[in-house]
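Beneath this line is the structure, given in structure tokens, with notes to follow.
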Amino acid sequence: MPQAHVITGATAAAPQIRRIGIADLKYALRRGLDDFLAMPSHAVFLCLIYPVVGIALARMAMGNNVLPLLFPLAAGFALVGPFAALGLYEMSRRREAGLDVSWKHALDVFRSPSIGAIAVLGLMLVALFLVWIAVAQSIYVAYFGYTPAAAMSDFLHQVLTTPAGWGLIIVGNGVGFLFAVLALTLSVVSFPLLLDRDVGAATAILTSVRAVLANPLAMAAWGLIVAALLAIGSLPALLGLTVVLPVLGHATWHLYRRVVEPDDSERQRFNEPKGPSRRSAADFPASLFPRRWSEPS
């Protein structure tokens, strides 16, 4: 049944988990940066989605009165980042396999055998994001009531200079941290695994949880790295995210490859002809960068 395939997939065996360390995180980031330099046009194109969707979600959530939720929206949008970065994972997967990496292949995720499970996990992260926004709004109301801030300066004065504002910062960040841990645990390797193998949503989630439990310190460090880079990339005016987001997206694929033991018998989607292919004008400026990646010893 199609529903059973979405949950369990075609692969019964549970993927094997490796133990990793800080060196593996550095490796993943280096490879992510290398992918970005080799495929910058794809990465920038895909990451333009983030601010557009973020603005749309803000308008949908609160209309014009978004001041109390600006920070929760910006921070909470990272909860759906793993789902939004699917195209980046696919580009890194193809480049690693020596396949054509023209921009159109970023949409190959829609032809994945696991597309049903991908959609289920994506909806799960969207639901988590919406719950976070509702909780953040409730926390704000608990401290400041339903009266909206008159202006940005008034809002900042309330939050930064009053006991209620300090309480809001402490409680809000504490609860947000719990949501971030949950999202990381559910998705750190689940989406790349679904692109790589024909597994179900249950297997992908369980594998992601097992990866975190097997590598708590490394995964905690990865979460901090992601949070720090997103904060840096948000300045100024979110422009830095056009570099930070693609690098993190590509790096997440390579982190998955370090954490989950490969199983060549299940990688059916890699059975495509390898070799150089013609590049179109849409690949500019990627064609200006040499392919300088090599497998580490």
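The values are calculated or read from the model by the stated rules, or taken from the named source; none is laboratory data. All values reported here derive from a predicted model rather than from experimental measurement. Ideal geometry is used to build each Cβ from the backbone, glycine not excepted, and the neighbour counts take in all protein chains shown.
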### Query
How about the range 142-192: which of its residues are without any contact (Cβ under 8 Å) to a residue 24 or more places away in the chain, among the hydroxyl-bearing types (Ser, Thr, Tyr) and not in a loop (DSSP other than H, G, I, E, B)?
Ser153, Thr161
### Message
Here's a check for you: in the range 107-118, which residue that is without any contact (Cβ under 8 Å) to a residue 24 or more places away in the chain and not aromatic (Phe, Trp, Tyr) is farthest from Leu67 (Cα to Cα)?
### Response
Arg111
#### Entry: Condition broken by Gly76, with the remaining ones in (1) in contact with a Phe, Trp or Tyr (Cβ under 6 Å, 6 or more places away or on another chain); (2) closer than 18 Å to Val181 by Cα; (3) modelled with pLDDT of 85 or more satisfied
(3)
### Candidates Val109, Val126, Val101 - the one that is surrounded by fewer than 18 Cβ atoms within 10 Å (Cβ to Cβ) and β-branched (Val, Ile, Thr)
Val126
### Message
Can you say whether Ala251 is within 24 Å of Leu123 (Cα to Cα) and surrounded by fewer than 17 Cβ atoms within 10 Å (Cβ to Cβ), as far as the supplied structure shows?
### Response
no
